[in-house]
Amino acid sequence: MRGLDALLKIAAAAEDRAQGALAAAVRDRDAARAEAAALAERARAARDAVRELERGARAAALEHRRYASALAGRASRCRARALEAEGVADGRAGAYREARQRREAVGGVIAARQAAVRKLRAHREERELGDAAQRTRKEKTR
């Protein structure tokens, strides 16, 4: 019985670690998405500035175009990191579900074992009461 309790504690600890890892992966994914969105917005603003400046100074427009291109590249890399973080989060979610299922399975085994012990104890007590009643009847008939 102690072995199953220890296994339950180990499974619960593994579940907690998996849940923490999942939360960290989700935070990383959300941060990467937010950064990608902010960079995409900055790139759009830079492109708008390029269009505005193209009417005037050509050199400044080229500089803004390079800047917008660099920002768009950073946004693309951030989107790739967000997708990668999402994959990690999905993997961690699967590990968390597996750890939780293992803990629940161990809990079910413990509950079944305890129920079997209670059932055996009840049968033993019934048998002992029946034997005692039979002895009492025998003694009365003597």
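Helix 2-54 versus the longest principal axis of the chain: what is the Cα-based angle in degrees, 0 to 90, to the nearest 10?
That helix lies at roughly 20 degrees to the long axis.
Order the peptides 118-130, 27-39 from the highest to the lowest mean number of other Cβ atoms within 10 Å of their residues.
Peptide ranking by packing, descending: 27-39, 118-130.
Setting aside same-chain residues fewer than 8 positions from Lys9, which lysines have a Cα under 28 Å from its Cα?
By straight Cα distance, Lys9 reaches Lys119.
Just grab the label-to-label distance for Lys9 and Arg137, each label 7 Å out from Cα along the Cβ direction, in nm (one decimal).
Distance between label points: 5.0 nm.
Give me the angle, in degrees from 0 to 90, between the Cα long axis of helix 58-141 and the longest principal axis of the Cα atoms of the chain, rounded to the nearest 10.
It works out to around 0 degrees.
Do the sum for the chain: with -39,500 (n - 2.57) for every DSSP H run of n ≥ 4, divided by all residues, what is the mean residue ellipticity at 222 nm, to the nearest 500 deg cm²/dmol?
Value at 222 nm, helices only: -36500 deg cm²/dmol.
FYI, it's all coordinate maths here, none of it is from the lab. All values derive from a computational prediction rather than experimental measurement. No Cβ is skipped: glycine too gets one built from the backbone with ideal geometry, and neighbour counts run over all protein chains shown.
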